[in-house]
Amino acid sequence: MFKLKALIAGSTGYIGIQLIRLLVNHKNIDIKYLCGHTSIGKKISFYDKKLKLKKLPKITKFNKKYLNDVDVIFTALPNGEAQEISKYLLKKNTLIDLAADFRLNKSSEFLKWYKQKHKAINNIGKSIYSLPEITGNKIKKFSIIGCPGCYPTSVLLPLIPLIKNKSITTNNIIIDSKSGYSGAGRGVHKKYKDKNLYDSLSAYGVGFHRHNSEIDQELQNYSNSKINFTFTPHLTPMFRGILSTIYIDLNKGFSIDKVIKTLKKFHIKNQFVKILKKDTLISTNDVINSNNCYISVCRTKYKNKVVILSAIDNLIKGGAGQAIQNMNLKFGFKMNEGLR
């Protein structure tokens, strides 16, 4: 059986651990290297006891020589570090980045939103932003793949089909998203040490969260008119999961039933996107530990306004699962391989 040799950089973070948990059950993957900064020499089971029975390499510091031995590199690193690795890629390598290094099409936008100069500007044009259900086979032409952020994943899966179909107005979209604290990484406990993380709900990044740039970029690809939206994220006292509540106005001639029909038609072959019955109330519990996105369209007291609910697991569909989905798409594996 054909197997890709893989390197995972940033293997001990929440996303890195989730990625390993999934890849050890992927029949086409052999994990060759696990890399980290502060965990060198340790076994990955130190961070996740469930991986104790798996034959996995000890954690080492990344070395560009490793690229000779692997086919695919997953990077779950702080923003900017995958850019450095991308400079050393060989023709045989595919880089799949789970951070923001290759999400934005312009280096000026990266500087604006992430306050860093892009270190591999020449590689931006060689990369693709890939939300698998939207990108499709275009991914096969690229060796650098930028995986979407968790919030944008929950937002773009329902909105892109509706904007593409001109079902909704684009001048007043309101996006209210709530995430488990794992989305902020292992450092969340230090970052929010002055807040009661386990018993409170906190708004953050109001008006200027970094994912604004990503959402705007991708929605604008499907609209002839300016996209005006307001996005507010919240940190919730749960470990994982995202629930996005999206308020939209319908264009003339469109009803809630037409909206649902549009979404079902668009996602008919997308096995991980589930369009539910009208007015279905969903929760993060419906999607936890899966690569699914549940979408529900609900009525309001106004005929021309609807509310879309979109739920994902931020560590899987919003992170590690989506990266594997992109790899499966790139290399022609079964879409659900490693994600069952």
ARG240 passes all but one of the listed conditions (1) more than 17 Å from the chain's Cα centre (by Cα); (2) in a loop (DSSP other than H, G, I, E, B); (3) not polar (S, T, N, Q); the exception is number (1)
Selection from the range 35-50 of residues of a type outside the set (D, E, K, R), under 14 Å from TYR14 (Cα atoms) and surrounded by fewer than 18 Cβ atoms within 10 Å (Cβ to Cβ) yields SER45, PHE46
Flagged in the range 162-190 as at pLDDT below 95 and part of a helix (DSSP H, G or I), in numbering order, are TYR181, SER182, GLY183, ALA184, VAL188, HIS189, LYS190
- Query: Before we move on, is SER11 touching a Cys at 6+ places or on another chain (Cβ under 7 Å) and on the phi < 0 side of the Ramachandran plot?
  - Reply: yes
The condition of being in contact with a helix residue (DSSP H, G or I) (Cβ under 6 Å, 6 or more places away or on another chain) and surrounded by fewer than 20 Cβ atoms within 10 Å (Cβ to Cβ) holds, among LYS119, LYS141, LYS112, LYS164, only for LYS119
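For the condition closer than 22 Å to GLU337 by Cβ, outside the structural domain of TYR181 (by TED's automatic domain parsing), surrounded by fewer than 16 Cβ atoms within 10 Å (Cβ to Cβ) and among the polar types (S, T, N, Q), what is the one hit in ASN63, ASN25?
Values: ASN63 fails: closer than 22 Å to GLU337 by Cβ.
Selected residue: ASN25, the only one of ASN63, ASN25 that is closer than 22 Å to GLU337 by Cβ, outside the structural domain of TYR181 (by TED's automatic domain parsing), surrounded by fewer than 16 Cβ atoms within 10 Å (Cβ to Cβ) and among the polar types (S, T, N, Q).
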Among the residues of the range 249-288, the number that are farther than 30 Å from ILE15 by Cβ and not charged (D, E, K, R) is 9
Considering residues that are assigned to a helix (DSSP H, G or I) and either at pLDDT 95 or above or touching a Lys or Arg at 6+ places or on another chain (Cβ under 7 Å) (or both), the number found within the range 16-49 is 9
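The rows are residues; the columns are (1) within 17 Å of LYS317 (Cβ to Cβ); (2) part of a strand (DSSP E or B); (3) out of contact with any Lys or Arg (no Cβ under 7 Å at 6 or more places or on another chain); (4) of a type in the set (D, E, K, R).
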| residue | (1), (2), (3), (4) |
| --- | --- |
| ASP101 | no, no, yes, yes |
| TRP113 | no, no, no, no |
| THR135 | yes, no, yes, no |
| LYS138 | no, no, yes, yes |
| THR153 | yes, no, no, no |
| LEU156 | yes, no, yes, no |
| ILE160 | yes, no, yes, no |
Only one of SER290, SER283, SER255, SER223 is within 25 Å of THR169 (Cβ to Cβ), modelled with pLDDT of 95 or more and not assigned by TED's automatic domain parsing to the domain that holds ASN326, namely SER255
Scanning the range 105-149 for residues that are aromatic (Phe, Trp, Tyr) and under 15 Å from PHE331 (Cβ atoms) gives PHE142
Within the range 206-220, restricting to residues that are at pLDDT 95 or above and more than 17 Å from ILE174 (Cβ to Cβ), the one that is surrounded by the fewest Cβ atoms within 10 Å (Cβ to Cβ) is GLN220
So, first residue in contact (Cβ under 8 Å) with a residue 40 or more places away in the chain and closer than 30 Å to ASN196 by Cα in the range 222-251, second residue surrounded by fewer than 16 Cβ atoms within 10 Å (Cβ to Cβ) and of a type in the set (Ser, Thr, Tyr), Cβ within less than 8 Å, six or more apart or across chains; the pairs are PRO233/TYR204; HIS234/SER202; HIS234/TYR204; LEU235/SER202; LEU235/TYR204; PRO237/TYR198; PRO237/SER200; LEU243/SER283
Every listed condition ((1) touching a residue at least 12 places away in the same chain (Cβ under 8 Å); (2) farther than 17 Å from ILE144 by Cα) holds for ALA9 save (2)
Taking the range 63-93 and the residues there that are in a helix (DSSP H, G or I) and more than 23 Å from the chain's Cα centre (by Cα), the one that is nearest to TYR114 (Cα to Cα) would be LYS64
Checked against (1) in the same structural domain as SER225 (by TED's automatic domain parsing); (2) under 16 Å from the mean Cα position of the chain (by Cα); (3) among the β-branched types (Val, Ile, Thr), ILE134 satisfies every condition except (1)
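The values are calculated or read from the model by the stated rules, or taken from the named source; none is laboratory data. Owing to the predicted nature of the structure, the values given are computational and were not obtained by experimental measurement. Positions of Cβ are backbone-derived with ideal geometry, glycine not excepted, and every protein chain shown enters the neighbour counts.
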